[in-house]
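Have a look at the structure below before the remarks.
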């Protein structure tokens, strides 16, 4: 198929861009899928179509070949063919950034809540300790603060 596409280009005949998109998926005895991907990308870039159209075709090529190429090679090709101009990529990047920010914010909120809860428990333990030292009944302390007074008494005895 690649030879026919090249022949059409040399003869000045129109080519079917979808064939270029799916070319790397076809079996070839002479070229590996990665080589077919590179060749398709070069042909797409060399075409006489507007850059917006070339970029869209290139994006389709990358999506169709996603499983054929390792991440490192795909990233290198991304830079080589300057795929950053696609609006869909801008949108994906913005959404990724927003998700990352939302996750970071959620983790921060969880940490703040955990810290506040730890501080509240520490305060309650201090209050329970003070009440215990003041002679307030263990049952009353436990009901009002929720603190495990037996553990608190054991800790108090260790410190004494």
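The values are calculated or read from the model by the stated rules, or taken from the named source; none is laboratory data. Treat the numbers as computed from the prediction; the structure is a model and nothing was measured. Cβ: placed from backbone, ideal geometry, glycine included. Neighbour counts: every protein chain shown.
Out of 14, 24, 50, 33, I need the residue that is over 30 Å from residue 144 (Cβ atoms), touching a residue at least 40 places away in the same chain (Cβ under 8 Å) and more than 20 Å from the chain's Cα centre (by Cα). Which one?
Sole residue among the options that is over 30 Å from residue 144 (Cβ atoms), touching a residue at least 40 places away in the same chain (Cβ under 8 Å) and more than 20 Å from the chain's Cα centre (by Cα): 24.
Can you pull out every residue in segment 28-41 that is exposed (fewer than 13 other Cβ atoms within 10 Å of the Cβ) and either closer than 24 Å to residue 12 by Cβ or modelled with pLDDT under 80 (or both)?
Matches in segment 28-41: 29 only.
Do we have residue 68 as touching a residue at least 40 places away in the same chain (Cβ under 8 Å) and surrounded by fewer than 16 Cβ atoms within 10 Å (Cβ to Cβ) here? Explain how you work it out, then say what you get.
Details: touching a residue at least 40 places away in the same chain (Cβ under 8 Å): yes; surrounded by fewer than 16 Cβ atoms within 10 Å (Cβ to Cβ): yes.
Yes: the conditions hold for residue 68.
Consider residue 55 carefully, then state whether it is exposed (fewer than 13 other Cβ atoms within 10 Å of the Cβ) and within 30 Å of residue 3 (Cα to Cα).
Values: exposed (fewer than 13 other Cβ atoms within 10 Å of the Cβ): no; within 30 Å of residue 3 (Cα to Cα): yes.
No, not satisfied.
Tally time: how many residues in segment 10-27 are more than 13 Å from residue 61 (Cα to Cα) and touching a helix residue (DSSP H, G or I) at 6+ places or on another chain (Cβ under 6 Å)?
Number of matching residues: 1.
Need pairs with beta-carbon distance below 9 Å; first residue on the phi > 0 side of the Ramachandran plot and not assigned by TED's automatic domain parsing to the domain that holds residue 57 and within segment 74-85, second modelled with pLDDT under 70 and part of a helix (DSSP H, G or I); sequence gap 6+ or separate chains.
Short answer, once both residue conditions are applied: none.
Pull up segment 86-107, narrow it to residues that are surrounded by 12 or more Cβ atoms within 10 Å (Cβ to Cβ) and assigned to a helix (DSSP H, G or I), then point me to the one that is modelled with the lowest pLDDT.
Checked segment 86-107; the qualifying residue modelled with the lowest pLDDT is 88.
Residues checked against (1) assigned to a helix (DSSP H, G or I); (2) surrounded by fewer than 10 Cβ atoms within 10 Å (Cβ to Cβ); (3) at pLDDT 85 or above; (4) more than 45 Å from the chain's Cα centre (by Cα):
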{"position": "111", "(1), (2), (3), (4)": "yes, no, yes, no"}
{"position": "114", "(1), (2), (3), (4)": "yes, no, yes, no"}
{"position": "121", "(1), (2), (3), (4)": "yes, no, yes, no"}
{"position": "124", "(1), (2), (3), (4)": "yes, no, yes, no"}
{"position": "130", "(1), (2), (3), (4)": "yes, no, yes, yes"}
{"position": "141", "(1), (2), (3), (4)": "yes, no, no, yes"}
{"position": "144", "(1), (2), (3), (4)": "yes, no, no, yes"}
{"position": "150", "(1), (2), (3), (4)": "yes, no, no, yes"}
{"position": "153", "(1), (2), (3), (4)": "yes, no, no, yes"}
